[in-house]
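Values quoted throughout were computed directly from the atomic coordinates according to the rules given, and no laboratory measurement underlies them. The model shown is predicted, which means the values in this text are computed figures rather than measured ones. Every residue, glycine as well, gets a Cβ built from its backbone with ideal geometry; the counts of neighbours run over all protein chains shown.
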Amino acid sequence: MRMSTTILNGTVRSVCPFDCPDTCGLSVTIADGKITKITGDAAHPVTRGAICNKVRHLNERVYHPDRFLYPMRRKGPKGTLDFERITWEEAYEEITTGMKNIISEQGAQAILPYSFYGNMGVLNAEGMDRRFFHRLGASQLDRTICNAAGAAGYAYTMGASMGIDPEDTVHTKLFLIWGCNLVSTNMHQTMLAAEARKNGAEIIHIDVHRNRTSAWADRFIHLRPGTDAALALGMMHVIIRDGLADQSFLEQHALGFDDLTAEAVRYTPEYVENITGVPAAEVEELGRLYGTTSPSFIRIGNGLQHHDNGGMTVRTIACLPALTGQWGIRGGGAMKGNGWYSRLNARKIERPDLMPDPNVRTVSMNQLGDALLATANPVKMLFVYNSNPAVVAPDQNRVREGLLRNDLFTVTHDLFLTDTCKYSDIVLPATSHFENLDLYTSYWHLYLQLHEPIMETMGECKSNFTLFRELALRLGFESEIFDISEEQMIREALDSENNPLLKGITFEALKEKSWMKAGGNELPSFTTMIPTASGKIELYSEKMLQHGFSPVPVHTPLKEPENYPFLLMTGPNHSFINSTFANQERLQKLEKEPLLHMQLDDAALLGFQDGERVKVRNDRGEVEITLRVSRDVLPGVLVTQGLWWDDQRKGHQAVNALTPQRLADMGGGATFFSNRVEVLKLD
Ligand SMILES: Nc1nc2c(c(=O)[nH]1)N[C@H]1C(S)=C(S)[C@@H](COP(=O)(O)OP(=O)(O)OC[C@H]3O[C@@H](n4cnc5c(=O)[nH]c(N)nc54)[C@H](O)[C@@H]3O)O[C@H]1N2
Ligand SMILES: Nc1nc2c(c(=O)[nH]1)N[C@H]1C(S)=C(S)[C@@H](COP(=O)(O)OP(=O)(O)OC[C@H]3O[C@@H](n4cnc5c(=O)[nH]c(N)nc54)[C@H](O)[C@@H]3O)O[C@H]1N2
Ligand code: SF4
Ligand SMILES: [Mo]
């Protein structure tokens, strides 16, 4: 949408659009019509004027010379970047003709959208696009690449993705950062924790990698990957054994304490040491500290659930606060995700009722490689937006093999010519969020924010909203459903009869105030709103039993066959967001190069030197990388950070060449980190 009035000079409000829990309010300075400075909005109650280094230089990204500004058609072979400029009319003609042909020959389910949250704006991430693909009858995409296993596990215990208001964490006295690289991935939670620390809180980081967050925390607990449920059960063992459980809270608000007790008996500190590698004395101490400190808070991260047992792990940790009666005490409880508070009217904006066949197949985004290579019922068109699957999806060699299929018509909408664009028949230029009207919610804090465009649309770029609206109209879809404005859809999103916490949050009010908090400042008491079947915190879950799981928390070993010696974690890094920013020089320089962290004795045993280039491989693929030898990981464990693009380094680090398409125990989640490899000398 073109702006009616162009801002030439001054400071305006914006919102950070990236897939980051903090969803910051931004303050943007414009001089002579150009964005010159970006800071955190000092008035925003959570941002408080601070933002990360990535976004402080977001203007470099928006005006980057590599941004492509008009539609293009592939000229050369797939896998190269050989394109020719075309008009939007030509692009729409090719896309709609392709769609019509596929629909008449194979049916609409041969068309697969592939998207995630490259832009978190509701309209552009899960608004007009969803409505369009529902009406088209395309295959459904199961968007499970991020937090699906953990969200499902947490919901078995607590009923939904809801923890405490992060602003309350300043009151906590014991802060457990569990499987979360907080300093890099949720910096404003670090600011709130620092305030708690000033008031006497102790901060403990529980992780498989001694990283920036461990250095910042007061104490670090180093455990083996995928063993967190055992550690949590060990803590429960100590708490129950020593009579530290809050019986009256448990009786009133929890279900199944006796069943949990029967299971936790087995998890003696010695038994837990064997599984986790954490010394028994440390398990004892942690259990007692947690059992005797109130309020205590657990920030459950995303990393620990990218495992085969990720769902059960989060389900188990989520049981801990009930044991000591933390819920309902200000600053006490846990948080995995808080999307539940500001949930919008998804049915109204996404319109699943428009689907011609509600039973159309669903494809897991974690198994894109298999889906593209399947011969039965093949995918004939892939439509990518807000995502870079050639880099972020697991089992990359299979994904790329699928993308190379000559009979696959791939369309990618992005701001940059990503690795995925290389395999696309048509590439379409996307606006940056600065150019769009949109609505933002956070999956961590509780503020909703309206974003009004602050700059002119660049070149011929179109927002996702506009792209899918125009495609719909060209396909002759109902104009009363598709020919609507952004403002109309925002009103639909906020018209949420099933979420009383949005009461009073309207388009007008948001326009006036810029941000508003779900529930105002009066959230209903925790213990009265637990959305499980029983209305209680379910330490024993009948539903889990029905779904084939142990109804009480247990430790379940990883499924990855032990045919290679090392478990490799390939998480995000400090300066990129997933693969976003990985093409920007300033941030590349800060990250220097992809590194593989290996434990000292392992390196000595294999005869490796720090700084040496090595080959990491398994049956799925191989990667060349520089070795960093240290005590930051335990024996048998490797860590590398950052989703670098393929062509950025000689030998490159395309880490997802190594990761499995296997799904986690719950929610169809990804298992990026349950990944075994061997490390070899370069010949
Ligand atoms: N700077 C930056 N910020 C980001 C992102 C980014 O790429 N860069 N990505 C955003 C997105 S999409 C997400 S989902 C979040 C992710 O952010 P986080 O929730 O922090 O998740 P990860 O960084 O994937 O992993 C967190 C930690 O889990 C550890 N870990 C791995 N396996 C295990 C295990 O078995 N047990 C334990 N205890 N720890 C384990 C890793 O070593 C890592 O330190 O961050 C968001 N914010
Ligand atoms: N090995 C390994 N793999 C991982 C992870 C890991 O920890 N390890 N993390 C996983 C996780 S948690 C996640 S969330 C996923 C993230 O995977 P993705 O969601 O694919 O994230 P990005 O790599 O940031 O790619 C987002 C793309 O969207 C584009 N984009 C931004 N704004 C817009 C817009 O308005 N319109 C359009 N059309 N495009 C836009 C960006 O330029 C970028 O190319 O990756 C997963 N992959
Ligand atoms: S990436 Fe995260 S921390 Fe950085 S500005 Fe955006 S929301 Fe804030
Ligand atoms: Mo994510």
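Between rounded, prolate and oblate, where does the range 163-336 land on the alpha carbon gyration tensor, with a ≥ b ≥ c its root eigenvalues, rounded for a/c under 1.5, else prolate if a/b exceeds b/c?
Working: a/c = 1.59, a/b = 1.15, b/c = 1.38.
Here the range 163-336 falls in the oblate category.
Of THR29, ASN618, ASN101, which is farthest towards the positive pole of the chain's charge dipole, taken about the Cα centre with +1 and -1 on the beta-carbons of Lys, Arg and Asp, Glu respectively?
Of the listed residues, the answer is THR29.
In the neighborhood of LEU289, defined by Cβ-to-Cβ distances under 11 Å, what is the net charge if each Lys or Arg adds +1 and each Asp or Glu adds -1? Intermediate values should be presented prior to the final figure.
Numbers: positive: LYS173, ARG219, ARG288; negative: GLU202, GLU282, GLU284, GLU285.
So the surrounding residues net to -1.
What's the longest piece of the chain with no exposed GluC sites (Glu not before Pro), counting a site as exposed if DSSP puts it in a loop and it has at most 11 other beta carbons within 10 Å? Walk me through the numbers on the way to the answer.
Details: sites that count: GLU478, GLU497, GLU522, GLU562.
In short, 1-477.
Averaged over all directions, how much area does the convex hull of the C-alpha atoms of the range 21-155 cover when projected, in nm²?
Numbers: hull surface 51.5 nm².
Seen from a random direction, the Cα hull of the range 21-155 projects 12.9 nm² on average.
Could you give the dipole magnitude of the range 566-681 about its Cα centre, charging the beta-carbon of Lys and Arg +1 and that of Asp and Glu -1, in debye to the nearest 20? Could you put the intermediate results ahead of the total?
Numbers: 14 positive and 15 negative charges, 25 e Å.
Dipole magnitude for the range 566-681 comes out near 120 debye.
Expressed as a whole number of Å, what is the distance separating the alpha-carbon centroids of the range 268-294 and the range 459-515?
Each part's Cα centre sits 50 Å from the other's.
For LEU501, LEU368, which order do you get if you count the other beta carbons within 10 Å of each Cβ and list the fewest first?
With the fewest neighbours first, LEU501, LEU368 line up as LEU501, LEU368.
Using only C-alpha atoms and all pairs of different ones, pull out the Kirkwood radius for the range 566-681 in Å with one decimal. Don't skip to the answer; put the middle values down first.
Numbers: mean 1/r = 0.0685 Å⁻¹.
By the Kirkwood definition, the hydrodynamic radius is 14.6 Å.
Suppose a student asked you for the relative contact order of the range 163-336, using Cα pairs under 8 Å spaced at least 6 residues apart; what percent would you report? Kindly include the intermediate steps, with their values, before the conclusion.
Working: 318 pairs, mean separation 56.6, N = 174.
Once divided by the residue count of the range 163-336, the mean separation gives 33 percent.
What would the Debye formula give as log10 I(q)/I(0) at q = 0.28 Å⁻¹ for the alpha-carbon point model of the range 540-593, no solvent?
-1.04
How big is the charge dipole of the range 61-175 about its Cα centre, in debye rounded to the nearest 20, if each Lys and Arg gets +1 on its Cβ and each Asp and Glu gets -1 on its Cβ? Could you put the intermediate results ahead of the total?
On the way: 13 positive and 14 negative charges, 38 e Å.
Roughly 180 debye for the range 61-175.
Enter the per residue convex hull volume of the chain, computed from alpha-carbon coordinates, in Å³ rounded to the nearest integer. The partial results should precede the final answer.
Numbers: hull volume 103.1 nm³, N = 683.
Normalising the Cα hull of the chain by residue number yields 151 Å³.
Projected onto the charge dipole of the chain (+1 at Lys/Arg Cβ, -1 at Asp/Glu Cβ, origin at the Cα centre), which of GLY325, ASN366, SER424 gives the Cα projection farthest towards the positive end?
Of the options given, the answer is SER424.
For the range 474-593, give the magnitude of the charge dipole about the Cα centre (Cβ charges: +1 Lys/Arg, -1 Asp/Glu; no others), in debye to the nearest 20. Let's see the in-between values first.
Values: 12 positive and 18 negative charges, 103 e Å.
Approximately 500 debye in magnitude.
Okay, helix-only estimate at 222 nm for the chain: each DSSP H run of n ≥ 4 adds -39500 (n - 2.57), divide by all residues, round to 500 deg cm²/dmol; what do you get?
Working: 27 runs with 208 residues, N = 683.
Calculated from helices alone, the mean residue ellipticity at 222 nm is -8000 deg cm²/dmol.
Report, in whole Å, the centroid distance computed from the Cα atoms of the range 538-591 and the range 193-219.
Measuring centre to centre over Cα atoms gives 21 Å.
In the structure displayed, which of LYS78/LYS100; LYS422/LYS462; LYS380/LYS543; LYS54/LYS173; LYS422/LYS615 lie more than 28 Å apart, Cα to Cα?
Working: LYS78/LYS100 23 Å; LYS422/LYS462 20 Å; LYS380/LYS543 38 Å; LYS54/LYS173 31 Å; LYS422/LYS615 25 Å.
Over 28 Å apart, Cα to Cα: LYS380/LYS543; LYS54/LYS173.
What shape does the range 440-512 take by its C-alpha gyration tensor, where a ≥ b ≥ c are the square roots of the eigenvalues and a/c under 1.5 counts as rounded, a/b above b/c as prolate, and the rest as oblate? Write out the running numbers ahead of the final one.
On the way: a/c = 2.43, a/b = 1.46, b/c = 1.66.
The shape class here is oblate.
May I ask you to derive the relative contact order of the chain, considering only C-alpha pairs under 8 Å and at least 6 residues apart, and to give it as an integer percent?
Relative contact order comes out at 20 percent.
Sequence gap at least 6, Cα distance under 8 Å: using those rules, report the relative contact order of the range 402-530 to the nearest whole percent.
Relative contact order of the range 402-530: 20 percent.
If neighbour count is taken as other Cβ atoms inside 10 Å, put VAL411, VAL283 in order from fewest to most.
Least crowded to most crowded, the residues run VAL411, VAL283.
Share of Cα-Cα pairs in the range 494-601 beyond 17 Å, in percent?
On the way: 4488 of 5778 pairs.
Of all Cα-Cα distances in the range 494-601, 78 percent exceed 17 Å.
Which ordering of TYR92, TYR70 is given by a fewest-first count of other beta-carbon atoms within 10 Å? Working shown, then result.
On the way: TYR92 20, TYR70 15.
Fewest-to-most ranking of TYR92, TYR70: TYR70, TYR92.
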